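A short worksheet on the structure shown next.
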Amino acid sequence: SGINELRAAKRVLAEVREELRREGHELPSVPVGIMIELPSAAMISDRLAAECDFFSIGTNDLIQYTIGIDRQNKDVAYLYKPLHLAVVRLLKLVCDHAAAAGIPVSMCGEMAGEPMNALVLIGLGVTEFSMNGPSIPLVKRVIRAARAEDGRTLAGRVLTLTSADEIEREVKNEMTRRFGDLLEHDSPV
């Protein structure tokens, strides 16, 4: 949730590394990254990016905490919107801060494994995806057929919209237009 946690973890890693070095072990450099799952971390991602080697965005928790919706609660689950403008803006912020610091951004969670989201996520700056095995083939096909510039254009349009419904409609229309043959038979969306 903040810089103190990252610094504390890095201190522990340095202590363990020094202890192992004193025991005579040669250790390669190990990249240190963080999961961004809380809006607080997203909001200070510029500061966090300066002190770590990579980001991984955990979308399930980030979405839930950003819009205050428990996706497991059937009474309010319909309000769980991965393409809510607040979520999209946070994703853009994190990706922009990572790019400025020269570090990669991976994404895990249900949003990363949904082929309908692939182009806009690339456009926002996500550089790596982690997902369940069954999602890989279709998301991979969409990414291979896409151009990063097209993703940036879509992301730019999405960021001008206001409601999650408008954003979802824009993304679905663009993805259907570009990848309808890939998505219509294979995707649940």
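The values are calculated or read from the model by the stated rules, or taken from the named source; none is laboratory data. Given the structure is predicted, the values throughout are model-derived calculations rather than measurements. With ideal geometry, Cβ positions are generated from the backbone for all residues, glycine too; neighbour counts draw on all protein chains shown. When the accessible area is computed, the model is the full protein with side chains, heavy atoms only, and any ligands, DNA or RNA have been set aside. Shrake-Rupley method; radii C 1.70, N 1.55, O 1.52, S 1.80 Å.
Here are some notes:
- When residues of the range 149-177 are limited to those that are over 14 Å from Ala86 (Cβ atoms) and among the polar types (S, T, N, Q), the one surrounded by the most Cβ atoms within 10 Å (Cβ to Cβ): Thr176
- The lone exception for Met35 - which of (1) closer than 21 Å to Gly125 by Cα; (2) open to solvent by 70 Å² or more (accessible area, probe 1.4 Å); (3) touching a helix residue (DSSP H, G or I) at 6+ places or on another chain (Cβ under 7 Å) it fails: (3)
- Some residue of the range 20-28 being in contact with a helix residue (DSSP H, G or I) (Cβ under 7 Å, 6 or more places away or on another chain) and at pLDDT below 95: yes
- Residue count for the range 1-55 satisfying the condition of being of a type outside the set (A, V, I, L, M, F, W, C) and under 30 Å from Gly68 (Cα atoms): 14.
- Test: residue in the range 104-126 that is over 20 Å from Ile63 (Cα atoms) and at pLDDT 95 or above: yes
- Listed here are the helices (runs of 4 or more DSSP H) enclosed by the range 1-114 that have at least 2 residues being farther than 19 Å from Arg152 by Cα: 3-22, 39-43, 45-49, 59-67.
- Residue in the range 3-19 that is surrounded by 12 or more Cβ atoms within 10 Å (Cβ to Cβ), touching a strand residue (DSSP E or B) at 6+ places or on another chain (Cβ under 7 Å) and under 17 Å from Gly102 (Cα atoms) present: no
- Test: residue in the range 72-80 that is at negative phi, surrounded by 17 or more Cβ atoms within 10 Å (Cβ to Cβ) and of a type outside the set (Val, Ile, Thr): yes
- Ala86 meets the conditions (1) closer than 20 Å to Leu6 by Cα; (2) surrounded by fewer than 18 Cβ atoms within 10 Å (Cβ to Cβ) in every case but one. The failed one is (1).
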